Structure formats: structure tokens, C-alpha cells
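So the structure is just underneath, and the comments pick up after that.
The values are calculated or read from the model by the stated rules, or taken from the named source; none is laboratory data. Just so it is clear, the model here is predicted, and its values are computed rather than measured. Please note: Cβ atoms are built from the backbone with ideal geometry, for glycine as well, and neighbour counts cover all protein chains shown. Each accessible area value is taken on the protein alone, full model and side chains, heavy atoms only, with ligands, DNA and RNA left out. Shrake-Rupley method; radii C 1.70, N 1.55, O 1.52, S 1.80 Å.
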Amino acid sequence: MARTLKPGMSAQTQLQVHAEVEGTVRGIIEDVRASGDEALRELSERFDGWNPPSFRLSEAEIEALVAQVPDEHLESIRFALEQVQRFARAQRASIQDVEVETLPGVTLGHRVLPVGSVACYVPGGRYPMVASAIMSVATAKVAGVSRVAAVTPPKAGQPYPATVATMHLAGADEIYIMGGVQALAALALGTGSIGAVDMLVGPGNAYVAEAKRQLFGQVGIDLLAGPTETLVIADDSADAEMVATDLLGQAEHGPNSPAVLLTTSETLARAVVPEIERQLGVLRTADVAGQAWRDYGQIILADSDEEMVRLADEIASEHVQVLTRDPNYFLEHMTNYGSLFLGPETNVAYGDKAIGTNHILPTGRAARYTGGLWVGKFLKTVTYQRATAGASAVVGRHCSVICGVEGFAGHQRQADLRVERYGEAVPVTAVP
């Protein structure tokens, strides 16, 4: 039976924190809904100290910001962009239109069409999330979205050049400098100066995730990608330095980012605690990572690989780093995760930045029912049907019976009219 050697924050405390976030977000959305650009400007000034003549960057402004980015940075950005695009194109190629004759004379099909317009939110508060621009904007463009609006907060009162450059290189059609809940509300609802979009995507803090949740229905969303989570699964073949590094590497995202070690080795579990303290002594982001580890970090000791699979699927973490003798065992048996990182040669930072899989992933146990952002999130599968006269009469007779059973008289008349019109047509033999 598993034992928890280090617990995280209680569920009750987390619920209280969420309730406070929920109320704040609702108020901001209602302000933007009621007052549009006026509210957007007031909120941007209040939260970001930012009130430019236009929140949308001009072509000249974009070019000037791109020119500020060193060539070596642009080289790595282009490398990561190419990896994400290559994988996204392969995923898009796997999704095909379908047309099939299900009965002689009955043709059914579906078409796969891109969403018309998308807003891609790129976090930039504590850290300018350059890679998030690649993950959202580039993937949307590969999917065929015609209007992609990229949005990010100012950094120290100004647009962050590397983020703007990445949005531009990834193919954004519009780039806005505005942050947080008010930015998402403006793009979802529309204002006098900003056209509403069909869908919101992108990661963010608890406020961004809650804003997407509250705006869902008025617009589509990709998923609820809130504070980053990481789970390290390790056995006695792993070493404490790598485990601690991989835990803190994600804990630094924010003070409420859960980092969990799940292991069958008590020796490793005991060794990780002082190793984390040692690394926090030299890590530049120790103030954030240390708080996250203190409040949300956990160490769970399991009896077997089978129990680790069961517990990992219950946790349903966004990121799962597997540091065991047989990483493929977890690939073959786990079902609830955002993305798996198999073996010590890879890690979550690779997925976050440059290897090609998408880093916008489900949090809050949403991995039980959804995967992360990919081209398929920007596509809608729409169906169609056509029938010959004889097939219409055959389907109509059965449809009429079902409509009668349900009491839908108008539906039944639709079916009966076709039977009357086409019932003398050539009989149809059902496909076996």
C-alpha cells in the first residue's frame, strides 16, 4: 500500500483559493462585456501599467521588435518552430475526410474543417513564454485557421521582443499586447477595436484558466491548462540529482505548481529531500520553486510498478517523467496523462520548448478525459448525407416508426412525405 512521505496543500485549501479566483475573474469579464474598450484600457492600466494608443501592434512595430532579437536566439526559435510544425503536419495528415455508402443509395460522410478564427494567449507575467507562441500559433496555422490573433502581456511595461518575434515567425495574423483575463474577455466578446474570435487557446495561470472556463460556450476553448504540474515516476535505478532537477524544473513555473515524486524506492525518496534543498540553494528561481515545493510538492512511496501506474492514473498529471529501468512499461499501461517523457535522455523542458510535441496540456486531472493541444483541436468534423429516391423510402419507413414511438409528429410527417413521394421507387436491398 502506498505511503505519502510528503503531503501537499489540502484539497479544502485549494478549493478556497479557487473560489477567490472565480469571483475575481467573473468581475473582470463582466466589466469588459459592459464597457468594451473602456474597461479593457482601465484594467490594462491597473494590472499591467499599459495603455498604448492601440493594443494591436502595427507591421512597423513588429519589424522593429523582431530586429531587437539576437540572431542566435532567432536560430533556436526557428529550430523549435520547425520541430513543432513537422509533428503538427504529420498529425494533420492522419485526419482525413470520410465518405461511405452505408446502404445502397445512402451516402454519408464527414469533412474536417478548420475553425475560422482563434486567439492564442501567450503568458508573459513572471516569464515570457516564447515557446507557447510556437505551440499555439504555429499549430493553428498548420491546421488551416485563417485568422490567428496572438496576444501576450507587456513585460516591464513594454512588448517583449522575443515573444513578438516568435508570434510573427509562427504566422500570427494579428498581434496584441495585453494581458490576463481582460485580454481573453476582449477577444472572446469583442470590443469596438477588437474583433471577437471563435476560439481561445493557450496556457496560463489560475486566472487565465478560470477565464477560459467562464467564457466557454460563447467561444470554444482548447482545454483548461492552468498552473503547471509534473509527476516524476522513478525506481531505484534513478538518481536523486536528476529527480530533484526534474521536479524543480517545473516547480519554478509558479508558486502553485504541483511537483510529485512517485517511487518504489524509499532510499531514493529520502535522498531527494536534501537534494532539493541543496539545489534550491543555488537555483536562480528558488523563491518560486521553493514555495511550490513547500506547498504543493509531494513524495509518494509505492510497492510496485503496477501500483505506480494505478496511482499515476489517479493523479492524471500534465507532465509525467519516467525514470525507471523499463519506461515503456508505463507507456503501455498508463492512460491518464498530458504527455509522457520516457527515460533520462528526455525531460519536460524538451517538451516545453523544442522537441516538437505540444506543451499546452491538460491540468487539474483533466487528462482523464482529454489530451493536449494539437491540430485536431483547431478542426471540426462536420457531417453530410445524401440518398437516392429508393433509399429515401426505405429509411423513411423506419424513421417514421421511431418518430411515432417518440411522439414527434412533425418529424414523422417529414419521413412520411418521402415515403409517399418515393415509395414506388426501385426497392433497396440492405447491405449485409
Worksheet item: What is the total of Lys pairs in the chain with C-alpha atoms under 26 Å apart, excluding same-chain pairs fewer than 8 positions apart?
Response: 11
Discussion item. Can you divide the C-alpha Rg of segment 138-248 by 2.2 N^0.38 Å and report the result to two decimal places?
Written reply: 1.32
Response to the item:
Given unit charges at Cβ for Lys, Arg (+) and Asp, Glu (-), the dipole magnitude of segment 274-432 about its Cα centre in debye, nearest 20, is 1000 debye
Worksheet entry | Choice from 129, 242, 308 with maximal GNM fluctuation in the chain (Cα, 10 Å cutoff) | 242
Item to complete: State log₁₀ I(q)/I(0) for the chain at q = 0.08, 0.10 Å⁻¹ as given by the Debye formula over alpha-carbon point scatterers of equal weight, solvent excluded.
Response: -0.55, -0.79
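Any chance you could run the full-extension gain for residue 67 through residue 311? It's 0.36 nm times the residue separation minus the Cα-Cα distance, nm to one decimal.
Computed gain between residue 67 and residue 311 is 83.0 nm.
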Worksheet item: Quick one: ranking 329, 384 by accessible area, 1.4 Å probe, largest first, what do you get?
Response: 384, 329
Worksheet item: Roughly how many Å² of residue 139 are accessible to a 1.4 Å probe, to the nearest 10?
Response: 0 Å²
Worksheet, complete the sentence: All alpha-carbon distances of segment 43-186, grouped into 10 Å bins from 0, give the whole-percent distribution 11, 36, 28, 13, 7, 4, 1
Practice prompt. Mind listing the long-range amide H neighbours of residue 220? Cut-off is under 5 Å, sequence gap 5 or more, other chains count too, H placed in the peptide plane at 1.01 Å from N.
Written response: 199, 200
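How many percent of DSSP beta bridges within the chain run antiparallel, rounded to 5?
Values: 19 of 52 bridges.
Expressed as a percentage, antiparallel bridges in the chain total about 35.
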Worksheet item: Each residue of segment 342-353 in turn: what ³J(HN,Hα) in whole Hz from Karplus with 6.51, -1.76, 1.60 and θ = phi - 60°, glycine and Pro shown as x?
Response: 9, x, x, 6, 10, 6, 5, 4, 4, x, 5, 10
Worksheet item: Mind checking which of 321, 279, 414 has the largest fluctuation in a GNM of the chain, springs on alpha carbons under 10 Å?
Response: 414
Item to complete: Could you go through segment 372-382 in sequence order and give the Karplus-derived ³J(HN,Hα) for each residue, using 6.51 cos²θ - 1.76 cosθ + 1.60 with θ = phi - 60°, rounded to whole Hz, and x for Gly and Pro?
Response: x, 5, 7, 4, x, 5, 8, 10, 10, 9, 10
Fill in: Candidates 407, 116, 371: whichever shows maximal mean-square fluctuation once the chain is modelled as a Gaussian network with Cα springs under 10 Å
407
Response to the item:
Inter-part gap, Cα centre of segment 95-121 to Cα centre of segment 395-426, in whole angstrom, is 27 Å
Worksheet item: Can you give the Rg to Rh ratio for segment 306-432, taking only C-alpha atoms and Rh from Kirkwood?
Response: 1.34
Response to the item:
From DSSP H assignment alone, runs of 4+ in the chain each adding -39500 (n - 2.57), the sum over residues rounded to the nearest 500 puts [θ] at 222 nm at -14500 deg cm²/dmol
Worksheet entry | Geometric extent, Cα atoms of segment 282-321 - Rg, Dmax (angstrom) | 13.3, 37
Worksheet item: Long-range amide H contacts for residue 6: which residues qualify at under 5 Å (H placed 1.01 Å from N, peptide plane, sequence gap of 5 or more or a different chain)?
Response: 299
Worksheet entry | Rg/Rg_ref, segment 21-86, where Rg_ref = 2.2 N^0.38 Å and atoms are Cα | 1.64
Item to complete: Determine the gain in length on full extension of the stretch residue 346-residue 82; use 0.36 nm per residue of separation and subtract their C-alpha separation, reporting nm with one decimal.
Response: 93.2 nm
Fill in: Cα-based radius of gyration of segment 226-337 once divided by 2.2 N^0.38 Å, which approximates compact folds
0.99
Worksheet, complete the sentence: For the chain, the accessible surface attributable to carbon and sulfur atoms (probe 1.4 angstrom, ligands and nucleic acids excluded) amounts in percent to 53 percent
Discussion item. For a protection proxy built on the mean count of beta-carbon atoms within 10 angstrom, sort 291-299, 215-223 highest first, please.
Written reply: 291-299, 215-223
Fill in: Residue-wise HN-Hα coupling along segment 256-268, computed from phi with Karplus coefficients 6.51, -1.76, 1.60 (Hz; x: Gly, Pro)
10, 9, x, 10, 10, 9, 10, 9, 9, 10, 5, 4, 5
Worksheet item: For segment 346-397, what are the per-bin percents of Cα-Cα distances with bins 10 Å wide, up to the bin holding the maximum?
Response: 19, 27, 18, 13, 15, 9
Worksheet item: Given charges of +1 on the Cβ of Lys and Arg and -1 on the Cβ of Asp and Glu, with all other atoms neutral, how large is the dipole of segment 91-208 about its Cα centre, in debye to the nearest 20?
Response: 440 debye
Discussion item. With +1 on the Cβ of every Lys and Arg and -1 on the Cβ of every Asp and Glu, and nothing else charged, how large is the dipole of the chain about its Cα centre, in debye rounded to the nearest 20?
Written reply: 1180 debye
Discussion item. Treating only the Cα positions of segment 132-183 as identical point scatterers, give the base-10 log of I(q)/I(0) from the Debye formula at each q in 0.20 Å⁻¹.
Written reply: -0.64
